[in-house]
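Asker: There's a structure below that I have some questions on.
Read the figures in this text as sums done on the coordinates, not as results from a lab. Everything numeric here is computed off the predicted structure, so don't read it as measured data. Heads up, the Cβs are rebuilt from the backbone with ideal geometry, glycines too, and the neighbour counts pull from every protein chain shown.
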Amino acid sequence: MTDWQDRSRRLLGGEGIEILQRAHVMIAGLGGVGSFAAEALARSGIGKLSLVEFDKVADTNRNRQIPALTSTVGKEKLAVMAQRLRDINPALALSLHPGRIDGGNTERLLHGEGGPPDFIADAVDDLQAKLSLITAAKGRGIPIISSMAAGYRLDPSQLTVDDVGKTHTCPLARRLRRALREVGIMDGLPVVWSKEAPMKTQGGAGRPEEAGHASMVFVPGAAGLLMASYIVRRLTGVEC
């Protein structure tokens, strides 16, 4: 039988592939960023993924999210992604967690079936959920990378990975820095963020929240791929 990971093995070597097969990664949020991160990690041969998501596929998700198809509108994102990821790698172990992240369930999520994850990809939008997940991970010594805002932007080449303390331009990153300082976390959090200034929405001045979220596939998708690449490189010891 053909080794489906042959081309990955040429880059990472047999030991690197084995490390990934033993690894457990949690992905919080399966939207524009998280769905791409989840798929990239599954295709990289991660042995176990814990997926956290509360939402259903909406028709407006089809312009940027992997689980969003005309045939999946109205279905649970968690179930759609689980089926897709198992089709990519039938040997993948999945732990599915429907619901939102909050201060009351982070302990259960991080110490669920099979023990705590080796790495966490934070791809949720809600600031308080981010803060809860990041502080819990930091308190338990679990490596985590967090995504900043990917909406209102079109240029994926402006994305980079930095410590949260080095971010600028991004309103979500600014709010997160302030919230982290209040709980005593000053640095040591890698984030995927964009140097591109948020664009004005068509037909409105600035970023009117009441106009609804504005986003396309380019930046969220690339942000998810960056997160997955960072995690794989950290797990296998490749320089990053």
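Asker: Considering each residue of the stretch 1-14, count those that are part of a helix (DSSP H, G or I) and free of Cβ contacts under 8 Å to residues at least 40 places away in the same chain, and give that number.
Answerer: Looking only at that region, the number is 8.
Listed here are the residues, each with its yes/no results for (1) touching a Phe, Trp or Tyr at 6+ places or on another chain (Cβ under 7 Å); (2) closer than 28 Å to Glu239 by Cβ; (3) not basic (Lys, Arg).
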position	(1), (2), (3)
Ile17	no, yes, yes
Arg22	no, yes, no
Leu49	no, yes, yes
Gly74	no, no, yes
Ala93	no, no, yes
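Asker: Continuing with the same structure: Identify, by number, the condition in (1) over 16 Å from the mean Cα position of the chain (by Cα); (2) at negative phi that Gly115 doesn't meet.
Answerer: The number of the failed condition is (2).
Asker: On to the next question. When you scan the stretch 145-158, how many residues do you find that are surrounded by fewer than 22 Cβ atoms within 10 Å (Cβ to Cβ), in contact with a Lys or Arg (Cβ under 8 Å, 6 or more places away or on another chain) and outside any loop (DSSP other than H, G, I, E, B)?
Answerer: Of the residues in that region, 1 qualify.
Asker: Among residues belonging to the stretch 43-78 that are charged (D, E, K, R) and buried (at least 23 other Cβ atoms within 10 Å of the Cβ), point out the one that is nearest to Gly114 (Cα to Cα).
Answerer: Step by step, filter the stretch 43-78, then rank; the result is Glu53.
Asker: Name the single residue, out of those in the stretch 124-138 being touching a residue at least 60 places away in the same chain (Cβ under 8 Å) and closer than 22 Å to Asn61 by Cα, that is surrounded by the fewest Cβ atoms within 10 Å (Cβ to Cβ).
Answerer: Result: Asp125.
Asker: Filter the stretch 54-81 for residues that are in a helix (DSSP H, G or I) and closer than 17 Å to Ala37 by Cα and give the result.
Answerer: Within the stretch 54-81, Asn61, Lys77, Leu78, Ala79, Val80, Met81 meet the criteria.
Asker: What are the pairs with Cβ atoms under 7 angstrom where one residue, in the stretch 152-170, is touching a residue at least 24 places away in the same chain (Cβ under 8 Å) and within 19 Å of Ala228 (Cα to Cα) and the other, located anywhere, is surrounded by fewer than 16 Cβ atoms within 10 Å (Cβ to Cβ) and of a type in the set (Lys, Arg)? Sequence gap at least six, or different chains.
Answerer: Gln158/Lys195; Thr160/Lys195
Asker: Would you check which residues across the stretch 22-42 are touching a helix residue (DSSP H, G or I) at 6+ places or on another chain (Cβ under 6 Å) and either surrounded by fewer than 24 Cβ atoms within 10 Å (Cβ to Cβ) or within 19 Å of Asp3 (Cβ to Cβ) (or both) and list them?
Answerer: Ala23, Ala40, Leu41, Ala42
Asker: Moving on. Which residue, of Gly104, Gly112, is of a type outside the set (S, T, N, Q) and either touching a residue at least 12 places away in the same chain (Cβ under 8 Å) or not in a loop (DSSP other than H, G, I, E, B) (or both)?
Answerer: Gly112
Asker: Here's another thing I want to ask about it. Among the listed residues Gly184, Gly188, Gly141, which satisfies the condition of being under 24 Å from Ile27 (Cβ atoms), surrounded by fewer than 17 Cβ atoms within 10 Å (Cβ to Cβ) and free of Cβ contacts under 8 Å to residues at least 12 places away in the same chain?
Answerer: When all the criteria are applied, what remains is Gly141.
Asker: Go through the residues of the stretch 166-178 one by one and say whether even a single one is closer than 29 Å to Leu20 by Cβ, charged (D, E, K, R) and in a loop (DSSP other than H, G, I, E, B).
Answerer: No.
Asker: Does Met199 satisfy being touching a residue at least 40 places away in the same chain (Cβ under 8 Å) and in contact with a Cys (Cβ under 7 Å, 6 or more places away or on another chain)?
Answerer: No; evaluated as a whole, the condition is false for this residue.
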